[in-house]
1. Please go through region A:133-164 and give me each residue that is assigned to a loop (DSSP other than H, G, I, E, B), open to solvent by less than 20 Å² (accessible area, probe 1.4 Å) and more than 14 Å from every other protein chain (Cβ to nearest Cβ), ordered by number.
2. What single numbered condition from (1) in contact with a Lys or Arg (Cβ under 8 Å, 6 or more places away or on another chain); (2) away from chain A (no Cβ under 14 Å); (3) open to solvent by 40 Å² or more (accessible area, probe 1.4 Å) fails to hold for B:His99?
3. Output the residues belonging to region B:288-301 that are in a strand (DSSP E or B) and surrounded by fewer than 23 Cβ atoms within 10 Å (Cβ to Cβ).
4. If you go through region B:31-77 one residue at a time, how many are assigned to a loop (DSSP other than H, G, I, E, B) and either over 19 Å from B:Tyr382 (Cα atoms) or open to solvent by 10 Å² or more (accessible area, probe 1.4 Å) (or both)?
5. Read through the list (1) open to solvent by 60 Å² or more (accessible area, probe 1.4 Å); (2) in contact (Cβ under 8 Å) with a residue 12 or more places away in the chain; (3) away from every other protein chain (no Cβ under 14 Å); (4) over 13 Å from A:Leu157 (Cβ atoms), then give the number of the only condition that A:Gly103 fails.
6. Of the conditions (1) part of a loop (DSSP other than H, G, I, E, B); (2) touching a residue at least 40 places away in the same chain (Cβ under 8 Å), B:Phe285 satisfies every one except a single condition; which number is it?
7. Scan region B:30-39 residue by residue and report those that are in contact with a Lys or Arg (Cβ under 7 Å, 6 or more places away or on another chain) and more than 9 Å from every other protein chain (Cβ to nearest Cβ).
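The values are calculated or read from the model by the stated rules, or taken from the named source; none is laboratory data. From a predicted model like this one, the values you see are computed outputs, not experimental measurements. Cβ coordinates were reconstructed from backbone atoms using ideal geometry, including for glycine residues, and neighbour counts include every protein chain displayed. SASA here: full protein model, heavy atoms, side chains in, ligands and nucleic acids out. Shrake-Rupley method; radii C 1.70, N 1.55, O 1.52, S 1.80 Å.
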Amino acid sequence: MSEIKLQDIEALLETFEASSWSEMTVKVEGLELFVSKTPGARSALLAAAPADAPAAPAPPPVLSAEPRASTNGGAFRTGAIPDGWVAVRAPNLGTFYRSPKPGAPPYVKIGQRVEPTTELCLIEVMKLFTSVVAGVSGVVRQILVEDAELVEFDQALFLIEARA
Amino acid sequence: MPLRRVLIANRGEIALRIVRAAKSLGLETVLAASAADRDSLAAREADRVVTLGPAPARASYLDANLVVHAARSTGCDALHPGYGFLSERAVLARLCEEHGIVFVGPSSDAIEKVGDKLAARRLANVAGVATTPGSQQLATVEEAVAAAEQIGFPVLIKASAGGGGRGMVIAHDAASLRDDFARAAAEAKEAFGDGALFLERYVERARHVEVQVMGLGDGRVLHFGERDCSMQRRYQKMIEEAPAAALPAPTRRRLHEAAVALLASIGYRNAGTVELLYDIDRDDFYFMEVNARIQVEHPVSEMICGVDLIRLQLEIAGGAPPRFAQDDIVQHGHAIEARILAENPQRGFLPSPGRIVRWRPPQGEGVRLDSAIEEGSVVSPYYDSMIAKLIVHAADRRRAVARLRDALEAFEVDGVATNIALLRAIVGHADFIDNRLDTRWLENVFLPHHGQQGG
């Protein structure tokens, strides 16, 4: 197989997103690609890889832990969302919280039915918490962000299958 | 404390400039951008970009909580505010102080001290820096005439409750002061609900001069000479120069001493500019205000002093002030900056956003361009219209003017309207070449004539 191009990866991701698959692993010369619709999922390949811990305590990496092309939120920012599904996006930069307070059950779970005014999460900016509502009637299909993670303006947080 | 990772809370050329300066010092950079700027040149060069909010500045660049939250959650230990936006809001510096982030600028206390106009005037007086001579509140017209004779005509009649130039009347002699006093009081009463008046010396022909200073944080304050920014339209600077070549050398020295004394009196840290009004006819100057940040026109001082002021800001913030002393700062030659604006001078300087389809800036010896524009860039309607700063440096003013003229001649921009043709005409004018300028020259002498030519 000749060298894999960016367009090839984009085509693969589009195919994956449109499918009902939950995970996909692609291995070609010089590239291993693992994508999952489950937040926080890890590739068996990656998990098996030896940890190469730095000798000295290093600062956390400046680059986002999640590559831009990850289906874990990033790809949906460009708009490749299944027909009839709606992305609920961050109104501004902040820290994402799934529960009203630490230890409390999350506002919503995957598969749960929501109404436009149903609260989905909190976005915190310097201890000021703003709730984000669904804005649509439907069923929560995906939660794209980990609890307590930094989210940016316009980042997709939830995917909701719209239903009347 | 040595810095490791700096958040840049700005956009455009200054964001790019700070990203590059920080990287040259080995710092990691995180750019906090609005949605309109997440693909900008600065965003591409920064190690990481976070999107604060939508394009309008109120929901992105002007939200101090968002900016500091972004700095904390990306592991930044310093924050550079650039100029404009939140750069002179004490609240941003204070939030940084409270959350262990080094603010690349003065302390929040210092920002507050120099930010309040009356408090800053008091500081200036205590430090022995003259402010515009003026009177107390005046009860009667006879009191006003007596005060005016002490101040010296012409005088400006000002409303105590006024602001922004409203309610101001110029009186050239006692007779016109008598005529205008009652009317000014009635107008002030009408406009502000308070008829109280006071007088201030009116400077007929003035230059806007300013001194670039850098407080090292250990009590020492260095200066990097002065700039002349008299070329203004509606208080917006269009061309800036260093040094202020029209001023006598002893006056320039006194300017530097005044600026250093003023900021040393409060132990000022990091970059600041002391703005003064130079009275051409009296060869004297008065304190106007302190800008507690790096300024747009800082490059002209860099060119003549051979320093990088942004790097210096970061070094001082990181607790490693430069080793050099005032005597080590030696000025060479003359530098001029022209602000390239996406504005249409033919249509009342209407902002002209759009896509830049052709961008051919001048190059060559002694020519510097500070810009984040490339061919294909979009000039957003949401922000300031400045798209580039063209800076030239030469051995003396005459050669610098010639270099600027050639550089402007070579500058090609298509896609948006710009002020480049206007700048060419200004730079070719005899008054500019001979440096016979004051703060009203552009609006009162040049622009009306320029308009009549239809060009």
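1. Scanning region A:133-164 gives A:Ala134, A:Leu144.
2. Against the list (1) in contact with a Lys or Arg (Cβ under 8 Å, 6 or more places away or on another chain); (2) away from chain A (no Cβ under 14 Å); (3) open to solvent by 40 Å² or more (accessible area, probe 1.4 Å), B:His99 comes up short only on (2).
3. B:Met288, B:Glu289, B:Asn291
4. Within region B:31-77, the subset assigned to a loop (DSSP other than H, G, I, E, B) is B:34, B:38-40, B:46-47, B:52-56, B:60-63, B:74-77.
The next check asks that each one be either over 19 Å from B:Tyr382 (Cα atoms) or open to solvent by 10 Å² or more (accessible area, probe 1.4 Å) (or both); those that pass are B:38-40, B:46-47, B:54-56, B:62-63, B:74-77.
The number of residues fulfilling the criteria is 14.
5. Here A:Gly103 clears every test but (2).
6. It is condition (1) that B:Phe285 fails.
7. Scanning region B:30-39 gives B:Ala33, B:Asp37.
Here's the yes/no breakdown for (1) closer than 22 Å to B:Glu97 by Cα; (2) at pLDDT 95 or above; (3) within 20 Å of the chain's Cα centre (by Cα):
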site: B:Ala259; (1), (2), (3): no, yes, yes
site: B:Val274; (1), (2), (3): no, yes, yes
site: B:Tyr278; (1), (2), (3): no, yes, yes
site: B:Pro299; (1), (2), (3): no, yes, yes
site: B:Ile310; (1), (2), (3): yes, yes, yes
site: B:Glu315; (1), (2), (3): yes, yes, no
